[in-house]
Amino acid sequence: MEKHTHPTTGATADRHLDSAEQANSHVPLPFPIRYRRALDNPQLQRTLRNFQRNWRESRAAAFDAYAANPLHAPADADAPRKIHIPVPDTPGGAEFAALRDRLAAIKDQVIDDLPAYIDQFQREAEARGVHVYRAADAAAANRYVLDLCRRKGIGHVVKSKTMVSEETDLNAALEAAGIQAVETDLGEWIQQLSHERPSHMVMPAIHRTRQEVGDLFTEATGRPVSRDDIGEQVGVARRELRRDFLEAGLGVSGANALIAASGTVMFIENEGNARLVTSLPRVHVVLAGIEKLVPDYAAAMLQLRLLARSATAQQITSYSTFVSGPPEPGKEMHIVLVDNGRMTMRETPLIRDALRCIRCAACANVCPPYAEVGGHVFGYIYSGAIGLVNTPFHHGLEAGAGPQSLCVSCNACQTVCPVGIPLPRQILAVRARVVEAKGMALPVRLGLEVWSRPRLADLAVRFSAVLGKPFFKGRFVDPARIGAGVIPPVRALAGWRTPPAPARVPARDRLRRRAPVTIIPGSKAAGLRITYFTQCLTDRLYPDMAAATVRVLEACGAEVTVPEDQHCCGLPAIDAGDPELGRRMARQTIEVLERAGGDLIVTGAASCAIAVVHDYESLFAGDAEWLERAAAVAARTMDFVSFLDEVAQLPAGALRRARPVGPVTYHSFCQSTNVLGLGRAPRRIIRDMLGLELIELPEGTVCCGFGGSTSATRPEVAARILERKLANVRATGARILVTDNPGCILHLRGGVRAQHLPVHVLHIAELVAAHLPAQSGG
């Protein structure tokens, strides 16, 4: 235990140091410790889950309101750049997409000519009496501020919100030099009192309850502060910080945008503290990353329209300030333009788009793992998806190695990004770098090596289906027989989700002989030649699902071919961070599908359709021959739901039964929503084609937690996301849960069985097949 004196209040309090805490409290603890601490904090999950739910609704309302405002000019639908990311079919969704495309094009223009924009901004700012310094790294930025304080005899610094100062760890540098630094943003001040970094880029203390803040303020001030009255707590902060504003000799701020045309700094806020920080002290220092540059005021105003709605779901923040020089004679303004890895990002082809980021934190606001572990697990200041991408460039690869394993690849981050950053692909690129530098866990490496060889994988699964029989109970592995209750590693993987048992007869064998089916009248797919891509999980674990899919395709009048030498699209290897192994598997799949021919390639695994159609393009980016072959296969590939809705187009009521099976609820595979844009299609199938009652699943498009390798590498996070999903399923009262991807089937069936829920989990193809005419074998 040690005594700690707060820099603002002067109050002393006992501070308990964890045995694992490092001597420098500004240095993050090792990832495993941060991860475990977050998992052990149930209040964290409750707070962040509620925040995410409310933010989604508020953000959508903010963009809808903007689109409906008759006073604004509608966004240009023919923006110079189009980003192909699905958006909600609402006025606000369309408006957001148009604004996003415009701002992304502007940011790309700046990134392309970044040195020239830096020169222009410096020239214009210096013409207005501003001192501009270019800092190559964090140490240089901090050194400039420290030297300035020493030259001016300044020992008291106030700060408004600045992410770059957190990135450079300016507070630690000031404290080491005996300079008092005080955060004046309410959330940042709370975190400073807590001896913690911000847990969110926009709302630093979002993870804290009002009761915790009340206790914290009571301890810091030495006076009782209400645990429930937020107004009283804000008043305490205002009174305590007032002296700092008046006494500080230097104020540090960040910047939301740097306007190159005039050398102007733009910052936005809701509290007014930034205006005090930038105007009262005799010296004002702006710390800003070079990516904050925009060409002109029009671009800055466009960013304003997107930033507030994306960050806090406001129409506009309370204060929008533009500063073009010192506030009055005798005062100084300094701008530190920070590189710290940004030019390296610019020179890295896939990563350079991350420099578009406007720090709204929308990617964290929709990230399922973020809701379970919060921002501190990410280690450094940039949390959420963007943190997984840029932290290795600012702080080194090791700093981002642990957190990158949290991503469940749901792609939600990309759909809400106001500048369309391809975050999911970038995260996989960083993961590949981590694997290249640090290697892969031996069991994963061996498993992928076996799986990348189709014949060896086939033998391995067939043997496991026979040799593992003593451990199976029906179609599932019996958790008790594999020691899930007593062996910690097994309990972590299977104590909350019952694993499926491999099928003794895989789908490839079962589909050799197929009974004839009755053609559904009105199908527009009649006469088509279709190659069915089974998908490896479906083939080995769920042959009934494969059989159901083929029956429906044939009932739609298609001639279906099922290649027996097909195997895996390569997604497991890509997801695990080994793109070379992924390419090996992808080539085998492309060759098989090329030989099979046909008009279309249809799969019941939306994830594999996405891999072929979207991921192969980047996977083979450096190989012209295979890129062309991959594109040809991708052009014929589609998922089962899209086929039924867009190609077969069965008429309403075509498969309606006299006695419906009862109400169903639907979980949309996250990438089906976020990549393919399948919003209405599954509902048309269930409600119109099958005539069933559909109960909308709360958070029905949020990831179930499977996340490919994440459910194995971070099973605790996967289990909690699954529990969130199953709680929503229970709330519907439906006994049938339908989805459209085998990974979700594995995860949801395993969770339903482990919790003994009276819910039947079906792939949508199985639901449709159950409604086929009886004479077709249904």
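The values are calculated or read from the model by the stated rules, or taken from the named source; none is laboratory data. Predicted model only: the values in this text are computed from it and were never measured. Please note: Cβ atoms are built from the backbone with ideal geometry, for glycine as well, and neighbour counts cover all protein chains shown. Note: areas computed on protein heavy atoms with side chains; ligands, DNA, RNA excluded. Shrake-Rupley method; radii C 1.70, N 1.55, O 1.52, S 1.80 Å.
Could you check how many residues of the range 226-246 are basic (Lys, Arg) and not in a helix (DSSP H, G or I)? Give the steps one after another, and end with the answer.
Taking the range 226-246 first, the residues basic (Lys, Arg) are 227, 238-239, 242-243.
Still in the running and not in a helix (DSSP H, G or I): 227.
Residues in the range 226-246 being basic (Lys, Arg) and not in a helix (DSSP H, G or I): 1 in total.
Collect the residues in the range 647-659 that are in contact with a Leu (Cβ under 8 Å, 6 or more places away or on another chain) and surrounded by 18 or more Cβ atoms within 10 Å (Cβ to Cβ), keeping them in residue-number order. Walk me through how you get there before you give the answer.
Start the filter on the range 647-659 by keeping residues that are in contact with a Leu (Cβ under 8 Å, 6 or more places away or on another chain), which leaves 647, 650, 655-657.
Listed by number, the residues that qualify are Val647, Leu650, Leu655.
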### Message
Six or more apart or on different chains, Cβ atoms under 8 Å: show the pairs whose first residue is in the range 585-611 and charged (D, E, K, R) and whose second is open to solvent by 10 Å² or more (accessible area, probe 1.4 Å) and outside any helix (DSSP H, G or I).
### Response
Arg595/Pro563; Asp599/Leu528; Asp599/Arg529; Asp599/Arg636
### Query
Can you name the condition, by its number, that Cys704 falls short on among (1) more than 22 Å from Cys536 (Cβ to Cβ); (2) assigned to a loop (DSSP other than H, G, I, E, B); (3) not aliphatic (A, V, I, L, M)?
(1)
### Query
Is one or more of the residues making up the range 507-527 in a strand (DSSP E or B) and either touching a residue at least 24 places away in the same chain (Cβ under 8 Å) or among the hydrophobic types (A, V, I, L, M, F, W, C) (or both)?
no
## Note on the structure
Within the range 142-180, residues touching a residue at least 24 places away in the same chain (Cβ under 8 Å), at positive phi and of a type in the set (Gly, Ala, Ser) come out as Gly153
### Message
Please go through the range 287-312 and give me each residue that is among the aliphatic types (A, V, I, L, M), open to solvent by less than 20 Å² (accessible area, probe 1.4 Å) and within 22 Å of Gly93 (Cβ to Cβ), ordered by number.
### Response
Leu302, Leu304, Leu306, Leu307, Ala308, Ala311
### Message
Which of the numbered conditions does Val435 fail, given that it passes all the others? Conditions: (1) out of contact with any Pro (no Cβ under 8 Å at 6 or more places or on another chain); (2) part of a helix (DSSP H, G or I); (3) open to solvent by less than 10 Å² (accessible area, probe 1.4 Å).
### Response
(3)
### Residue within the range 691-702 that is polar (S, T, N, Q) and at pLDDT 95 or above present
no
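Those residues that are part of a helix (DSSP H, G or I) and either over 30 Å from the mean Cα position of the chain (by Cα) or free of Cβ contacts under 8 Å to residues at least 40 places away in the same chain (or both), I need them from the range 637-659; list them, please.
Ser642, Glu646, Val647, Ala648
If you go through the range 521-533 one residue at a time, how many are buried (at least 16 other Cβ atoms within 10 Å of the Cβ) and touching a Ser or Thr at 6+ places or on another chain (Cβ under 9 Å)?
Going through the range 521-533 one residue at a time, the tally reaches 4.
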### Message
One residue is enough: does the range 728-738 have a residue meeting the conditions polar (S, T, N, Q), within 25 Å of Ser409 (Cα to Cα) and surrounded by 20 or more Cβ atoms within 10 Å (Cβ to Cβ)?
### Response
no
#### Entry: Arg491 vs. criteria under 36 Å from the mean Cα position of the chain (by Cα), modelled with pLDDT under 90 and among the charged types (D, E, K, R)
yes
### Count - residues of the range 363-377 that are surrounded by 24 or more Cβ atoms within 10 Å (Cβ to Cβ) and not in a helix (DSSP H, G or I)
3
### Task
Would you mind finding the one in Arg749, Arg753 that is under 23 Å from Leu692 (Cβ atoms), outside any strand (DSSP E or B) and either open to solvent by less than 30 Å² (accessible area, probe 1.4 Å) or not hydrophobic (A, V, I, L, M, F, W, C) (or both)?
Arg749
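Please go through the range 214-232 and pick out each residue that is under 24 Å from Val157 (Cβ atoms) and either under 35 Å from the mean Cα position of the chain (by Cα) or modelled with pLDDT of 95 or more (or both).
As a first pass, look at the range 214-232 and keep what is under 24 Å from Val157 (Cβ atoms): 216-217, 219-222.
If the condition is that a residue be under 24 Å from Val157 (Cβ atoms) and either under 35 Å from the mean Cα position of the chain (by Cα) or modelled with pLDDT of 95 or more (or both), then Leu216, Phe217 are the ones that fit.
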### Message
Cβ contacts < 8 Å: first residue touching a residue at least 24 places away in the same chain (Cβ under 8 Å), restricted to the range 452-472; second residue of a type in the set (Lys, Arg) and open to solvent by less than 80 Å² (accessible area, probe 1.4 Å), any location; separation 6+ or different chain. Result?
### Response
Val461/Arg540
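If you scan the range 345-362, which residues turn out to be in a helix (DSSP H, G or I) and either free of Cβ contacts under 8 Å to residues at least 40 places away in the same chain or open to solvent by 10 Å² or more (accessible area, probe 1.4 Å) (or both)?
Residues of the range 345-362 that are in a helix (DSSP H, G or I), as a first pass: 345-346, 351-356, 362.
Listed by number, the residues that qualify are Arg346, Arg352, Asp353.
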### Query
Within the range 263-270, is there a residue that is crowded, with 19+ Cβ neighbours inside 10 Å, under 33 Å from the mean Cα position of the chain (by Cα), among the aromatic types (Phe, Trp, Tyr) and outside any loop (DSSP other than H, G, I, E, B)?
yes
### Query
Being surrounded by fewer than 23 Cβ atoms within 10 Å (Cβ to Cβ) and among the hydroxyl-bearing types (Ser, Thr, Tyr), is that true of even one residue in the range 534-545?
no
## Note on the structure
Taking the range 668-695 and keeping only residues that are in a helix (DSSP H, G or I) and without any contact (Cβ under 8 Å) to a residue 60 or more places away in the chain, one is left with Ala681, Arg683, Arg684, Arg687, Asp688
## Note on the structure
With the first residue restricted to the range 399-424 and required to be in contact (Cβ under 8 Å) with a residue 40 or more places away in the chain, and the second required to be open to solvent by less than 10 Å² (accessible area, probe 1.4 Å) and acidic (Asp, Glu), Cβ contacts under 8 Å at 6 or more apart or on different chains are Gly420/Asp101
### Message
Could you tell me how many of the residues in the range 46-63 are in contact (Cβ under 8 Å) with a residue 40 or more places away in the chain and out of contact with any His (no Cβ under 8 Å at 6 or more places or on another chain)?
### Response
11
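Residue under question is Arg508, and the condition is that it be open to solvent by 30 Å² or more (accessible area, probe 1.4 Å), within 23 Å of Arg595 (Cβ to Cβ) and under 37 Å from the mean Cα position of the chain (by Cα); does it hold?
Details: open to solvent by 30 Å² or more (accessible area, probe 1.4 Å): yes; within 23 Å of Arg595 (Cβ to Cβ): yes; under 37 Å from the mean Cα position of the chain (by Cα): yes.
Spelling it out, Arg508 is indeed open to solvent by 30 Å² or more (accessible area, probe 1.4 Å), within 23 Å of Arg595 (Cβ to Cβ) and under 37 Å from the mean Cα position of the chain (by Cα).
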#### Entry: Scope the range 110-148; condition of a type in the set (S, T, N, Q) and in contact with a helix residue (DSSP H, G or I) (Cβ under 9 Å, 6 or more places away or on another chain); matching residues
Asn142
### Query
Among the residues of the range 402-411 satisfying the criterion of being open to solvent by 10 Å² or more (accessible area, probe 1.4 Å) and not in a loop (DSSP other than H, G, I, E, B), which is farthest from Glu95 (Cα to Cα)?
Ser405
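Please work out if Gly662 is surrounded by fewer than 24 Cβ atoms within 10 Å (Cβ to Cβ), touching a residue at least 60 places away in the same chain (Cβ under 8 Å) and either closer than 29 Å to Ala769 by Cβ or touching a strand residue (DSSP E or B) at 6+ places or on another chain (Cβ under 9 Å) (or both). Explain how you work it out, then say what you get.
On the way: surrounded by fewer than 24 Cβ atoms within 10 Å (Cβ to Cβ): yes; touching a residue at least 60 places away in the same chain (Cβ under 8 Å): yes; either closer than 29 Å to Ala769 by Cβ or touching a strand residue (DSSP E or B) at 6+ places or on another chain (Cβ under 9 Å) (or both): yes.
Criteria met by Gly662.
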